[in-house]
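First the structure, in the form of structure tokens, and then the observations on it.
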Amino acid sequence: MCGIVGYIGDKDACEVLVEGLKRLEYRGYDSAGVALLMDSRIKVLKTPGKVSKLEKMLGDSHSAKIGIGHTRWATHGEPNTVNAHPHTDCTGNIAIIHNGIIENYSALKTKLLSLGHTFKSQTDTEVLAHLIEEFYSRTKNLEMAVRLALKDVDGTFGLVVMSSNEPDILVAARRGSPLVIGLGESENLIASDASALIRHTRNVIYMHDNEIAVITRDNVSLKNLDDEAVERDAEHLTFDIEQIEKGGFAHFMLKEINEQPETVLNAFRGRLMDDEGISNMGGLRDVEDKVTNARRFVILACGTSWHAALVGKYILEQYAKIPVEVDYASEFRYRNPVLMDGDIVWAISQSGETLDTLAALREARVKGVPVYGIVNVVGSTIARETDAGVYIHAGPEIGVASTKAFTSQLAVLNLINLLVARKRKTMTAEQGREIVAEMHRLPEKIQQILDNTVQIEAIAEEFKESRNFLYLGRGVNFPVALEGALKLKEISYIHAEGYPAAEMKHGPIALIDENMPAVFIALRDSTYDKILSNIQEVRARKGNVIVIANEADGRLRDLAEHIIEIPETLEILSPILSVIPLQLLSYYMAVKRGCNVDQPRNLAKSVTVE
Ligand code: G6P
């Protein structure tokens, strides 16, 4: 996945594509490529690294009038030239760029291999090129071939296809990954976001899911995947490029918070086996026995990823009945830790580049234990240096304060728990099915929270001048309290402490007075009654109480001034919901305090120093 641009018209296609790809650079990517139709043949140029590097390679490619370009953010297969898009079929006559994930790519690949197709890359996208080739050989019609190919595909796509056999059209299709068509004079464009085409036109048509478009120099025709015509009026864009890049949100952080229904879905995509009540992760397949028979897990991470690891400890110990130690990567490294036969070390990292985590996993490898990764950035150093692992597929995270990566890490830890607990028979199939069913419901529940931010904004307004905050939770939501406090510190520069709620009476309670807001996570779970007592302890000392709760009952209403309600879910999945109001609270506090939300002072997105 990442950036898509397609062009057909009177201008120099190469120039339009490169300029468009540069506009999409803000999304983050690791390689770039173009396919251009020149002298009736498709010429493909691609490279790891920056668009400027690609630009230097383009040399004499400036006669093309039709072409497609892509910046790739790796999901399947590491970032290198072969895996970069565009991908081509066996004949080299069909080229495709694609955002999204093809869930059944491995089954499709096996079938295509048996039909004699040869593959060059490790990507899921290349499967589409060969599938389209297969249907083209039967239909001799590119649009029909794309449509028929997509009927066989499970997963998401925003894609653009061109072929030297039909040199005057681009075929685009969408399910799940955005595409916008730009309507020009003697030219038309297509892109994954409008910032890539706005220099040429502000008249656009947004494609909807399950639609296919045939784009020529002078015409655009839109259909659904069942071949029925779709009518849609063009829109005129009035906003500026910066607004478009942030998807209409004021900051990348807010955009990323709002992406969570989709990113959590992406973490689960293709990995849930509803009937068996178990998960299935390609990256762990070869080591499944080792994982299931492990005597202990040691999880290493920093910052937000460390909080995700702590949630993992609660979940895995409860269900998979496996002892879990969670360590700050920086501490693990220097305390000569004891690792034993049967231990598995997991490294969790959004960037895959955090030096402390990397150094810690190297230390573990020296001690001879298997090291597996839970990483967002495909092909990153940690992903490369681990023996196996699971990608969280959250997409590029630009805001320095991590949000969507956290919930995706939690989603993957739950998948690992499901796999290990079911295989170890510490969880019944029925329990597994219940968890899987609830996992499917999470994106919608996240959306419910995101649709209701007015109250959170008002709370932020009321407390924006507070100098200290306490975040309290119990059980699986104790690490969420830590994460809520970290978010507030990071972006609004307000001192905040996260604490296990019961531990408060052993120290932090001394801080409580009318100037000390305390944020509780008090869901109706196994610790509910206990945490109500903790809330009472704060109230008795005149502290202001803000509670993240499921539908509040009378007891809670008497205790708290502010109750933010979130939908109910299973206890082990609840951190994926309970953290979202906390992300939003810190966001609105920071905005109201005039802080630089996306790039807070003194912090870096990826910390590659000790
Ligand atoms: C930095 C970032 C944090 C992040 C931590 C770990 O401190 O500012 O947001 O949680 O690094 O990063 P990682 O990429 O390893 O998850």
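The values are calculated or read from the model by the stated rules, or taken from the named source; none is laboratory data. On a predicted model such as this, the values are computed, not experimentally measured, just so you know. FYI the Cβ positions are ideal-geometry reconstructions off the backbone, even for glycines, and counts take in every protein chain you see. Only protein heavy atoms, including side chains, enter the accessible area calculation; ligands, DNA and RNA are left aside. Shrake-Rupley method; radii C 1.70, N 1.55, O 1.52, S 1.80 Å.
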Residues located in the range 352-368, provided they are assigned to a loop (DSSP other than H, G, I, E, B) and within 12 Å of the ligand (Cβ to nearest atom): Gly352, Glu353, Thr354
Subset of the range 442-482 [in a loop (DSSP other than H, G, I, E, B), acidic (Asp, Glu) and within 27 Å of the chain's Cα centre (by Cα)]: Asp451
Contacts under 6 angstrom Cβ, first residue in the range 466-493 being farther than 11 Å from Gln583 by Cα, partner among the polar types (S, T, N, Q) and modelled with pLDDT under 95, 6 or more apart: Arg474/Thr527; Gly475/Thr527
Unique match (being at pLDDT 95 or above and either within 16 Å of the ligand (Cβ to nearest atom) or open to solvent by 60 Å² or more (accessible area, probe 1.4 Å) (or both)) among Ala522, Ala604, Ala496, Ala510: Ala496
Scope the range 379-393; condition within 14 Å of the ligand (Cβ to nearest atom) and of a type in the set (D, E, K, R); matching residues: Glu385
Residues of the range 173-188 that turn out to be part of a loop (DSSP other than H, G, I, E, B), in contact with a Leu (Cβ under 9 Å, 6 or more places away or on another chain) and over 10 Å from Phe157 (Cα atoms), as a count: 1
Residue count, the range 275-333 (criterion: surrounded by 18 or more Cβ atoms within 10 Å (Cβ to Cβ) and not in a helix (DSSP H, G or I)): 15
Filtered residues of the range 66-121 (kept if surrounded by fewer than 18 Cβ atoms within 10 Å (Cβ to Cβ) and small (Gly, Ala, Ser)): Gly92, Ser106, Ala107, Ser114, Gly116
Residue tally, condition out of contact with any Phe, Trp or Tyr (no Cβ under 9 Å at 6 or more places or on another chain) and either basic (Lys, Arg) or more than 13 Å from the ligand (Cβ to nearest atom) (or both), over the range 581-601: 8
Set Arg202, Arg217: member being within 30 Å of Asn141 (Cβ to Cβ) and charged (D, E, K, R): Arg217
Extreme residue, farthest from Glu353 (Cα to Cα), among residues of the range 369-378 that are open to solvent by 10 Å² or more (accessible area, probe 1.4 Å) and away from the ligand (no atom under 13 Å from the Cβ): Val369
Sole exception among (1) of a type in the set (A, V, I, L, M, F, W, C); (2) within 20 Å of Gly312 (Cα to Cα); (3) open to solvent by 10 Å² or more (accessible area, probe 1.4 Å) for Ala560, by number: (2)
Residue that is open to solvent by less than 60 Å² (accessible area, probe 1.4 Å), away from the ligand (no atom under 16 Å from the Cβ), in a helix (DSSP H, G or I) and out of contact with any helix residue (DSSP H, G or I) (no Cβ under 8 Å at 6 or more places or on another chain), where the choices are Ser578, Ser533, Ser574: Ser533
Failed condition for Val291, given (1) more than 16 Å from the ligand (Cβ to nearest atom); (2) on the phi > 0 side of the Ramachandran plot: (2)
Leading residue by the ranking (nearest to the ligand (Cβ to nearest atom)) among those in the range 336-351 that are of a type in the set (A, V, I, L, M) and in contact (Cβ under 8 Å) with a residue 40 or more places away in the chain: Ile348
Residue ID - farthest from Gly77 (Cα to Cα), chosen from residues in the range 45-64 that are part of a loop (DSSP other than H, G, I, E, B) and out of contact with any Cys (no Cβ under 9 Å at 6 or more places or on another chain): Asp60
Set Ala145, Ala172: member being over 21 Å from Cys90 (Cβ atoms), at pLDDT 95 or above and touching a strand residue (DSSP E or B) at 6+ places or on another chain (Cβ under 9 Å): Ala172
Total residues in the range 229-246, condition surrounded by fewer than 13 Cβ atoms within 10 Å (Cβ to Cβ) and of a type in the set (S, T, N, Q): 1
Close pairs (9 angstrom Cβ cut-off, 6 or more residues apart or separate chains): open to solvent by 10 Å² or more (accessible area, probe 1.4 Å) in the range 397-415, at pLDDT 95 or above and of a type in the set (Gly, Ala, Ser) anywhere: Glu397/Ala405; Ser402/Gly303; Ser402/Ser305
Only one of Leu419, Leu413 that is of a type in the set (A, V, I, L, M, F, W, C), more than 16 Å from the ligand (Cβ to nearest atom), closer than 16 Å to Phe297 by Cβ and part of a helix (DSSP H, G or I): Leu419
Ala590 being surrounded by 24 or more Cβ atoms within 10 Å (Cβ to Cβ) and either part of a loop (DSSP other than H, G, I, E, B) or among the small types (Gly, Ala, Ser) (or both): yes
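Quick grid of which residues meet (1) farther than 23 Å from Glu103 by Cα; (2) modelled with pLDDT of 95 or more; (3) under 18 Å from the mean Cα position of the chain (by Cα):
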site	(1), (2), (3)
Asn266	no, no, yes
Asp274	no, yes, no
Met281	no, yes, yes
Lys290	yes, yes, no
Ala294	yes, yes, no
Ala309	yes, yes, yes
Val324	yes, yes, no
Asp327	yes, yes, no
Ser330	yes, no, no
Close pairs from the range 206-222: first closer than 18 Å to Ser163 by Cα and outside any loop (DSSP other than H, G, I, E, B), partner of a type in the set (Lys, Arg) and open to solvent by less than 40 Å² (accessible area, probe 1.4 Å), Cβ under 7 Å, at least 6 apart: Ile212/Arg147
Evaluation of Gln431 against (1) closer than 30 Å to Asn336 by Cβ; (2) away from the ligand (no atom under 15 Å from the Cβ) (one fails), failing number: (1)
Residue identified as among the hydroxyl-bearing types (Ser, Thr, Tyr), away from the ligand (no atom under 13 Å from the Cβ) and farther than 30 Å from Pro581 by Cβ among Thr426, Thr453: Thr426
